[in-house]
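*Asks:* Structure provided below as structure tokens; questions to follow.
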Amino acid sequence: MSEPAIEVEHLHKRYGDVVAVDDVSLRVEPGEVLGVLGANGAGKTTTVELIAGLRKPDRGRVRVLGLDPRRDRAAVRQVLGVQLQQAYLHHALTVAELVDLFASFYPDPRPAAELLDLVELGRQTRTRFEKLSGGQQQRLSIALALVGRPRVVILDELTTGLDPHARRRVWQGIEALRDETVVLVSHAMDEVERLCDRVVLIDAGRVVALGSPADLVRQAGTDGLEEAFVALTGRELAMEEDA
Ligand code: ATP
């Protein structure tokens with residue numbers, strides 16, 4: 001078997017008394033799009049932050065293209081793109097300045113115009129981040145994740161808060177990433193069914209099911225993925241908070 005793009009083994013993370021990630025193991029193959037689904041507080045964001053090396057696991061092992069995201073930080077930064085939460089960004093910089101700043105970290109960045117066209121921010125280049133709408137900030141964070149032509153991309157809440165037109169545009173952009181491996185945290189079943197080869201269902205920090213959308217529907221014996229989610233986790237799907 002070829003080397004996995006992402007390999008996670010027996011990952012554990014707790015915050016005080018809260019067990020956020022409880023013995024998660026999974027493999028993501030090169031070129032695969034993996035969806036991460038779970039109710040609010042299930043541990044999705046913590047899991048992807050551990051994969052990205054943004055948090056330190058209490059136990060367990062993470063490899064991204066064979067690299068340890070905390071030990072091999074510089075090398076991982078060259079191959080991994082992360083849609084950062086906006087708190088990590090400098091709010092006084094303009095769209096163009098942020099794209100240029102991120103581009104400066106990479107030897108062969110995607111052209112700014114191409115990126116901003118993908119997320120339809122070509123007319124906001126001189127706008128400061130803090131003046132963008134929530135949806136525009138979201139779209140910029142996607143562009144920044146892709147600027148370095150990463151081989152592995154982690155997208156958390158890809159299209160939460162975007163209008164239907166912007167969502168479709170972003171989906172087309174993700175579909176155009178043919179060779180890249182993508183991990184996509186999502187609350188939207190239509191998004192997961194359209195984009196993801198496989199889906200991992202997480203509940204209370206544990207993997208409860210892993211397979212293609214069709215596998216999960218078959219396993220649950222339901223009509224659709226949303227019902228399969230409820231049947232397999234016993235919970236309602238997390239709600240979008242700012243849609
Ligand atoms: P959501 O869908 O609401 O974004 P999630 O599935 O991404 O949720 P996490 O954000 O990973 O879940 O949170 C998992 C658990 O860990 C939750 O109970 C959350 O309250 C807790 N948690 C997350 N981050 C912290 C933190 N920095 N300090 C303390 N507890 C935290």
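*Asks:* Quick check for you: with a 1.4 Å probe and neighbouring chains kept, what is the accessible area per residue of the range 26-93, in Å²?
*Replies:* Per residue, the range 26-93 has an accessible area of 45 Å².
*Asks:* If you don't mind, another one. Report, ordered by chain and residue number, the lysines lying within cross-link reach of LYS44, taken as a straight Cα distance under 23 Å and ignoring same-chain residues fewer than 8 apart.
*Replies:* Candidates past the 8-residue exclusion: LYS13, LYS56.
*Asks:* Here's something else I'd like to know. For the chain, what proportion of DSSP beta bridges, expressed in % and rounded to the nearest 5, is antiparallel?
*Replies:* 55
*Asks:* Over the range 26-86, consider all pairs of different Cα atoms and compute the Kirkwood hydrodynamic radius from their mean reciprocal separation; express it in Å, one decimal. Show your work: numbers first, answer last.
*Replies:* Values: mean 1/r = 0.0790 Å⁻¹.
Mean inverse Cα-Cα distance, inverted, gives 12.7 Å.
*Asks:* Based on the Cβ-Cβ distance from ASP197 to TRP171, what FRET efficiency comes out when R0 is 25 Å, to the nearest 0.05?
*Replies:* 0.95
*Asks:* Same structure, new question: Within a Cβ distance under 10 Å of LEU93, other residues only, what is the Lys/Arg minus Asp/Glu net charge?
*Replies:* Once all neighbours under 10 Å are counted, the net charge is -2.
*Asks:* Given a 1.4 angstrom probe, what's the average accessible area per residue across the range 119-243, in square angstrom?
*Replies:* 47
*Asks:* Please report, as a whole percent, how much of the solvent-accessible surface of the range 170-243 comes from carbon and sulfur atoms (probe radius 1.4 Å).
*Replies:* Carbon and sulfur: 43 percent of the exposed surface of the range 170-243.
*Asks:* Could you check the spin-label model distance between GLU97 and SER133? Points 7 Å from the Cα along Cα→Cβ, value in nm.
*Replies:* Calculated label separation equals 2.4 nm.
*Asks:* Near ARG110, within a Cβ-to-Cβ distance under 13 Å, what is the net charge of the other residues, with Lys and Arg +1 and Asp and Glu -1?
*Replies:* Value of the local net charge: -4.
*Asks:* I'd like the per residue volume of the convex hull spanned by the Cα atoms of the chain, given in cubic angstrom.
*Replies:* It is 126 Å³ per residue.
*Asks:* For GLU114 and HIS10 in one chain, what is 0.36 nm times their gap in residues minus the Cα-Cα distance, to one decimal in nm?
*Replies:* On the way: separation 104, 0.36 × 104 = 37.44 nm, distance 3.92 nm.
Stretched out fully, the GLU114 to HIS10 stretch lengthens by 33.5 nm.
*Asks:* What part of the accessible area of the range 1-145, given as a whole %, is carbon or sulfur when the probe is 1.4 angstrom?
*Replies:* Numbers: 3460 of 7090 Å².
About 49 percent, which is the carbon plus sulfur part of the accessible surface.
The values are calculated or read from the model by the stated rules, or taken from the named source; none is laboratory data. Note that the structure is predicted; figures quoted are calculated from it, not measured. Here Cβ is always computed from backbone atoms with ideal geometry, including for glycine, and neighbour counts include all displayed protein chains. Surface areas here come from the heavy atoms of the whole protein model, side chains and all, with no ligands, DNA or RNA. Shrake-Rupley method; radii C 1.70, N 1.55, O 1.52, S 1.80 Å.
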